[in-house]
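Here the structure is laid out as structure tokens; the discussion comes afterwards.
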Amino acid sequence: MRGFVPIDLKVTTPAPRDVWQMLMASDAEAVPYQSPEWVDSLCALGTHEDASRLYEDGDRQIVLPLVRRRRLPTVLATAASMPSAWGMGGLLASEPVGVDLVRAIFTDLAALPYVRIRIRPNPRLGDLWAAAAPRNVLSTPRRAHVIDLEGGFDKVWTTRFTKETRSRVRKAEKNDIRVERDTTGRLVPVFYDLLRRSIDRWARMQNEPRFMARFRGGIRDPIRKFETIAAGMGEACRIWVAWVNGQPAAASLVLQKGNVNDSRGAIDREVAANTGANDLIQMLAIREACEAGCRYYHLGETGNS
């Protein structure tokens, strides 16, 4: 491989928590999905266990958050950073890493006995991973949207919100829509009920029987998952709910640690119709991220939209 500089890495697994937390605090690209608290929340459901890896190259330390399936011998198990429906993974480092180091990590992972290892890196670093991937690695292009919060909320509001969105937010504020923000898990049932209504709407749009859509949604996102996340992430897990005429209209589960992941959104379109409720809670969450000094607000994968 032209230009490849071999790197001899020292590996420790699972990654020591003090180093992991230090890198979460020092990596300017860090997202909540890469935090040890997120991995602990995932593992608390009983399907996975921590397989994170600390790589050391001289004085440089890099952590790869990684989990493996439980109750299977290693040769039959899969590993991921992160599994489906659990967000993004990838490397944490106190300084930017280059292609050669990521290639060395690919070499380390290829030597592990897992059936499959799946990496979904921070989308802002997707080009780095694509450039480092060996030919025998399957790469799947995906699309995500990220808001750059540089300049603070006033700049984001005036230059990165569309005129139409700003109008909807102002309309919601004039309509005196009530908004709650909770970090205790109290609003998980409200959020989950709205999520189920969203699933019902998607089922109608796709001509899918509701029971099938709810069954799939329940496997992917059972309410216990969100209860566990709220308990495990603590203050980093914010559930926003907008109420219209006393009814829950829109909700968003936002994770804020390092940077921000807008993890899940849900809406009752009949209750929220033309009120701007969803736009209002998005604006409030983005403003809070700006005030906290976060640089990036990740909106997640968006298909081809």
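The values are calculated or read from the model by the stated rules, or taken from the named source; none is laboratory data. All figures in this text were calculated on a predicted structure; none of them were measured in a lab. Quick reminder, even Gly has a Cβ in these numbers, built from the backbone with ideal geometry, and neighbours come from all protein chains shown. Areas reflect the complete protein model, heavy atoms only, side chains present, ligands, DNA and RNA absent. Shrake-Rupley method; radii C 1.70, N 1.55, O 1.52, S 1.80 Å.
Being touching a residue at least 40 places away in the same chain (Cβ under 8 Å) and either over 18 Å from residue 180 (Cβ atoms) or aromatic (Phe, Trp, Tyr) (or both), is that true of even one residue in segment 280-290? Among the residues of segment 280-290, at least one is touching a residue at least 40 places away in the same chain (Cβ under 8 Å) and either over 18 Å from residue 180 (Cβ atoms) or aromatic (Phe, Trp, Tyr) (or both), which makes the answer yes. Mind checking which pairs have a first residue in segment 157-171 that is closer than 16 Å to residue 272 by Cα and a second that is part of a helix (DSSP H, G or I) and hydrophobic (A, V, I, L, M, F, W, C), Cβ under 7 Å, 6 or more apart or different chains? These pairs meet every condition: 169/280; 169/283. Evaluation of residue 115 against the conditions (1) buried (at least 19 other Cβ atoms within 10 Å of the Cβ); (2) more than 15 Å from residue 125 (Cα to Cα); (3) in contact (Cβ under 8 Å) with a residue 40 or more places away in the chain; (4) not charged (D, E, K, R) shows that the sole unmet condition is (1).
Within the set 233, 212, the sole residue that is open to solvent by 40 Å² or more (accessible area, probe 1.4 Å), assigned to a helix (DSSP H, G or I) and either under 26 Å from residue 82 (Cβ atoms) or in contact (Cβ under 8 Å) with a residue 60 or more places away in the chain (or both) turns out to be 212. Taking residue 283, is it part of a helix (DSSP H, G or I), modelled with pLDDT of 95 or more, closer than 27 Å to residue 172 by Cα and of a type in the set (A, V, I, L, M)? So residue 283 passes the test.
Only one of the numbered conditions (1) at pLDDT 95 or above; (2) within 23 Å of residue 229 (Cα to Cα) is violated by residue 302, and that is (1). Residues considered: 127, 176, 221. Of these, the only one that is open to solvent by 30 Å² or more (accessible area, probe 1.4 Å), of a type outside the set (Phe, Trp, Tyr) and either within 20 Å of residue 31 (Cα to Cα) or within 23 Å of the chain's Cα centre (by Cα) (or both) is 127. Would you check which residues across segment 69-86 are in contact with a Leu (Cβ under 9 Å, 6 or more places away or on another chain) and surrounded by 18 or more Cβ atoms within 10 Å (Cβ to Cβ) and list them? 69, 79, 80, 81, 82, 83, 86 - these are the residues of segment 69-86 that are in contact with a Leu (Cβ under 9 Å, 6 or more places away or on another chain) and surrounded by 18 or more Cβ atoms within 10 Å (Cβ to Cβ). Looking only at segment 129-155, which residues are outside any loop (DSSP other than H, G, I, E, B), more than 21 Å from residue 79 (Cα to Cα) and of a type outside the set (Gly, Ala, Ser)? Once the filter is applied, which keeps residues that are outside any loop (DSSP other than H, G, I, E, B), more than 21 Å from residue 79 (Cα to Cα) and of a type outside the set (Gly, Ala, Ser), segment 129-155 yields 145, 146, 147, 148, 153, 154, 155. For first residues located in segment 11-24 and touching a residue at least 60 places away in the same chain (Cβ under 8 Å) and surrounded by 16 or more Cβ atoms within 10 Å (Cβ to Cβ), partners that are not aromatic (Phe, Trp, Tyr) and not in a loop (DSSP other than H, G, I, E, B) and lie 6+ apart or on another chain with Cβ distances below 6 Å form the pairs 20/36; 20/63; 23/63; 23/92.
Scan segment 95-109 for residues that are part of a loop (DSSP other than H, G, I, E, B) and touching a strand residue (DSSP E or B) at 6+ places or on another chain (Cβ under 7 Å) and jot them down. Break it down into steps so the answer makes sense when it comes.
To start, the set of residues in segment 95-109 that are part of a loop (DSSP other than H, G, I, E, B) comprises 95-98.
If the condition is that a residue be part of a loop (DSSP other than H, G, I, E, B) and touching a strand residue (DSSP E or B) at 6+ places or on another chain (Cβ under 7 Å), then 97 is the only one that fits.
Between 207, 278, 261, the distinction of being in a loop (DSSP other than H, G, I, E, B) and either more than 24 Å from residue 36 (Cβ to Cβ) or open to solvent by less than 20 Å² (accessible area, probe 1.4 Å) (or both) belongs to 207 only. Counting only strands (runs of 3 or more DSSP E) that sit wholly inside segment 1-93, those with at least 2 residues that are under 17 Å from residue 229 (Cβ atoms) and under 22 Å from the mean Cα position of the chain (by Cα) are 48-50.
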